[in-house]
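See structure below.
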Amino acid sequence: MLKRYAYIISILLMLFGVAVVQRAFFEKIADNNPDIPLLISVQIAFLISALLSLKVYREIEQAYLRFIALFLLCLTISAVGFFIAGQGTDKFTLVRVALAFTIGFTIAERMEMLRHRSQELKKLFVEKEQIERALLTQQLNPHFLFNTLNTLKGLIEENQQNAVNYLHDFAKVYRSIVNIKSDELFRLDEELKLLSSYYKLLKSRFGDKLVLEVEVDQRELTKYLPPLSLQLLFENAIKHNEVSATRPLTVRIASVGSTLVITNPIQEKVSFDASNGLGLSNLNLRYVHAIGVEISYSITDKNEFQVTLPLVENDKENV
């Protein structure tokens, strides 16, 4: 906020250096003999008052109403200043002083707002690219493809009919994944249906060593969340934890109020590369842009990793 104030002040100083502002204060110095220190003091009072009321000022929707409100404020300060000093300045000079500052501050404030919005748009553009890149990476997950093809190879060697069924299931799941757009939301029942198909593929690889438990209130199924959120968390659980006959992995999805809580036990692998945390970071970024809220995650007292995903009532068009 201080930087934004400094930007406004710097623009004002430049504007006060031009002839239009100089004329507003000093055009008739010889005739009216105004008190220069008084004029400077009044302008400082203008600036302080305008900056302190900037938040309220920006809440006024109509531009001309904002201008009138600031002008009346400056006019009041001018009148008080000249009254206290006992100056005999005419009303026309009083209006010129207030009007000059109002014009200058309005220009400076608008320029600062344009600069700030330009920075925000640039940030949003960068974040949108990051979101799209993260979703594309998830859609074209080479790790998933590699494991799928390895599983398919094993099934072909064991049972060709099972391999054909597996291939059909894989095509169905992957077609749904690659058709997802970065700016859309999924109904929870659709997301769970896609996760169920994905889980079916993984069962061909892990069998009973991988368990998915879903306990979701029926009333929550019509709510929305960013697509592939559950798949990403499911993949993360498998990626970061041991899945074996001696240590089967159970991933639980439960609704708690207007949120989903995804939990899995922490079963560290013997050999595992350190995580960079980009999966959760990108998911959180997608949530912020799509819904305007953040996800949360923690380690529970039972040594379980827990992620909480907010749900929204309507799709993006109505959020």
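For the pair Ala79 and Ile107, what calculated FRET efficiency results from E = 1/(1 + (r/R0)^6), where r is the Cβ-Cβ distance and R0 = 22 Å, to the nearest 0.05? Efficiency computed from Cβ-Cβ geometry: 0.40.
Here the stretch 287-303 and the stretch 151-226 have alpha carbon centers that stand 23 Å from each other. Full extension of the chain segment joining Asp301 with Lys172 gains 42.5 nm, where the gain is 0.36 nm per residue of separation less the Cα-Cα distance.
With a threshold of 31 Å on the Cα-Cα distance, the over-threshold entries among Lys122/Lys302; Lys203/Lys223; Lys153/Lys193; Lys153/Lys302 are Lys122/Lys302; Lys153/Lys302.
Counting 0.36 nm for each residue step from Lys269 to Ala45 and taking away their Cα separation leaves a gain of 74.0 nm. With R₀ set to 51 Å, the beta-carbon distance separating Val211 from Glu120 gives a calculated FRET efficiency near 0.70. A protection proxy built from the mean count of other Cβ atoms within 10 Å ranks the segments 56-64, 43-51, most packed first, as 43-51, 56-64.
Each Lys or Arg adds one and each Asp or Glu subtracts one; over the other residues with Cβ under 12 Å from the Cβ of Lys172, this totals +2.
The simple spin-label model puts a point 7 Å past each Cα toward its Cβ; for Val164 and Ala245 those points are separated by 3.1 nm. Model label points for Leu52 and Lys200, set 7 angstrom from Cα along the Cα-to-Cβ axis, are 6.8 nm apart.
Any read-out appearing in this document is the output of simple, stated calculations on the displayed coordinates, not a laboratory observation. Computed from a predicted structure; not experimentally measured. In this analysis, Cβ positions are derived from the backbone assuming ideal geometry, glycine residues included, and neighbour counts consider all displayed protein chains.
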